[in-house]
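Since the structure comes first, as structure tokens, the remarks are kept for the end.
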């Protein structure tokens with residue numbers, strides 16, 4: 001059973017106060033799942049968590065957006081619960097959805113379903129080495145799992161493998177492939193189990209996709 005905890009991240013590249021929109025989203029999560037504990041992880045707490053896992057010191061060498069991608073996996077691996085980006089807000093039926101999924105070991109969310117033409121274009125990214133994405137991309141903006149879930153550790157291991165193979169990249173697809181949604185997508189489609197569930201888009205939450213990681217400091 002998934003622990004009723006809501007995890008959020010803020011401050012790995014943001015230096016000012018939390019934007020009003022994010023604070024508002026946080027409040028809507030509080031209201032929608034009022035029995036859940038809520039924790040907004042700051043930079044210092046993320047680095048303290050990493051100290052528990054010395055084998056993951058490679059994460060500290062990554063860009064802030066990549067650190068955020070991997071640390072969110074580690075937070076849920078370490079404590080269990082639900083992770084949500086601060087640019088998400090719960091859907092109308094989030095509370096009832098929670099009741100139907102809380103007994104699962106892993107819950108992930110469909111981010112996008114690509115048509116064949118768009119999917120085949122992904123072959124041309126140099127990191128993919130001619131292998132197209134799975135047409136059903138799974139998001140890393142929101143997911144839930146039990147603590148010590150091996151799926152999350154497999155995602156972290158795949159991130160390390162890809163970051164070592166491709167230590168740098170300047171295009172937007174680089175973090176998507178090395179640490180972002182393609183990590184969860186690849187791992188999930190290779191290891192679907194009966195104790196996991198893939199939710200359709202917008203059933204659990206709405207994602208505004210502000211893309212703040214694309215700025216120069218992330």
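The values are calculated or read from the model by the stated rules, or taken from the named source; none is laboratory data. What you see is a predicted model; the values in this text were computed from it and never measured. Methodologically, a virtual Cβ is constructed for each residue, glycine included, from the backbone with ideal geometry; neighbour enumeration extends over all protein chains shown.
Overview of results
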| read-out | value |
| --- | --- |
| Any pair with Cβ under 9 angstrom, 6 or more apart, that starts in the stretch 16-44 at a residue that is without any contact (Cβ under 8 Å) to a residue 40 or more places away in the chain and at negative phi and ends at one that is exposed (fewer than 14 other Cβ atoms within 10 Å of the Cβ) and assigned to a loop (DSSP other than H, G, I, E, B) | 23/17 |
| Selected residue (criterion: nearest to residue 185 (Cα to Cα)) from residues of the stretch 39-78 that are crowded, with 16+ Cβ neighbours inside 10 Å and in contact with a strand residue (DSSP E or B) (Cβ under 6 Å, 6 or more places away or on another chain) | 72 |
| Residue under evaluation residue 112, criteria (1) under 30 Å from residue 29 (Cα atoms); (2) at pLDDT below 95; (3) crowded, with 19+ Cβ neighbours inside 10 Å, criterion not met | (3) |
| Residue list for the stretch 132-144, restricted to those being in a loop (DSSP other than H, G, I, E, B) and either within 20 Å of the chain's Cα centre (by Cα) or modelled with pLDDT of 95 or more (or both) | 133, 134, 135, 139, 140, 141 |
| Per-region count, the stretch 1-22, residues over 27 Å from residue 196 (Cβ atoms) and surrounded by 13 or more Cβ atoms within 10 Å (Cβ to Cβ) | 9 |
| Condition met for residue 90 (more than 25 Å from residue 157 (Cβ to Cβ) and under 20 Å from the mean Cα position of the chain (by Cα)) | yes |
| Sole exception among (1) surrounded by 13 or more Cβ atoms within 10 Å (Cβ to Cβ); (2) touching a helix residue (DSSP H, G or I) at 6+ places or on another chain (Cβ under 8 Å); (3) in contact (Cβ under 8 Å) with a residue 60 or more places away in the chain for residue 142, by number | (2) |
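For every residue, the table says whether it meets (1) surrounded by 14 or more Cβ atoms within 10 Å (Cβ to Cβ); (2) in a helix (DSSP H, G or I).
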residue	(1), (2)
96	no, yes
117	no, yes
147	yes, no
161	no, yes
171	no, no
175	yes, yes
